[in-house]
Amino acid sequence: MKKLRFILLSLLISGLFISCASNSEIPTYLTSSQLIQKAQSAYDRAAYKEAIKYYQTTINRYGTDLSIYVEATYEIGHIYLRTKKYEKAYPYFAELKDIYSTATFGSLPTAYDKLADIGISQIPEKKYAAIIKNTQEENDSSSETSAE
């Protein structure tokens, strides 16, 4: 549970930094579908930072709808995976796995659970091992801090 809170907090903080710098450029009247379409268009042009900005804005504005949240979260993880930023990709996939592990069957699109598995499996073995080790060390240090 602490791991899930840490991941969610990390994603929220990173999202706030991205959104503070860029949400003012994105019209507030855009629906979640329109934001996702703009993100996909940016992705298709290899404008990955722009795509992440749109997906993060989708999460910030419409993330209370868990179906929208998991879609945008997966897509951000996928962009980081595609650009070989594995240490940034992994937390997004791990968060999806945590969400699906507690979700009621049928309440979310099942594709993103499987896609998160595939994303994790595409992280090179040595990078994955280092990410897991760092995650465990962070969890251990946060446990020690909270115990004090």
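Quick one: in the range 81-100, of everything that is in contact with an Asp or Glu (Cβ under 9 Å, 6 or more places away or on another chain) and open to solvent by 30 Å² or more (accessible area, probe 1.4 Å), which residue is farthest from ILE132 (Cα to Cα)?
Only one residue tops the list, namely TYR100.
In the range 65-99, which residue that is of a type in the set (Ser, Thr, Tyr) and not in a loop (DSSP other than H, G, I, E, B) is nearest to LYS114 (Cα to Cα)?
Narrowing the range 65-99 to residues of a type in the set (Ser, Thr, Tyr): 67, 69, 73-74, 80, 83, 86, 90, 92.
Those still in the list that are not in a loop (DSSP other than H, G, I, E, B) too: 67, 69, 73-74, 80, 86, 90, 92.
Details: SER67: 15, TYR69: 16, THR73: 14, TYR74: 11, TYR80: 17, TYR86: 18, TYR90: 14, TYR92: 13 Å.
Of everything passing the filter in the range 65-99, TYR74 is nearest to LYS114 (Cα to Cα).
Tell me yes or no: at least one residue of the range 47-56 is in a helix (DSSP H, G or I), farther than 22 Å from PRO27 by Cβ and not small (Gly, Ala, Ser).
no
So, THR58, is that one open to solvent by 30 Å² or more (accessible area, probe 1.4 Å) and of a type in the set (Ser, Thr, Tyr) or not?
Details: open to solvent by 30 Å² or more (accessible area, probe 1.4 Å): no; of a type in the set (Ser, Thr, Tyr): yes.
No; evaluated as a whole, the condition is false for this residue.
Hey, could you check the range 110-131 for residues that are of a type outside the set (A, V, I, L, M, F, W, C) and surrounded by fewer than 14 Cβ atoms within 10 Å (Cβ to Cβ) and say which is farthest from ALA72 (Cα to Cα)?
Within the range 110-131, the first condition is being of a type outside the set (A, V, I, L, M, F, W, C), and the residues that meet it are 110, 112-114, 117, 119, 121-122, 124-128.
Subset that is surrounded by fewer than 14 Cβ atoms within 10 Å (Cβ to Cβ): 110, 114, 121, 124-126.
On the way: THR110: 14, LYS114: 15, SER121: 20, PRO124: 23, GLU125: 25, LYS126: 27 Å.
Among those residues, the one meeting the criterion is LYS126.
The values are calculated or read from the model by the stated rules, or taken from the named source; none is laboratory data. Keep in mind the model is a prediction, meaning the values are calculated, not measured. No Cβ is skipped: glycine too gets one built from the backbone with ideal geometry, and neighbour counts run over all protein chains shown. Ligands, DNA and RNA are stripped out before the accessible areas are found, and what is left, the full protein with its side chains, is counted by its heavy atoms. Shrake-Rupley method; radii C 1.70, N 1.55, O 1.52, S 1.80 Å.
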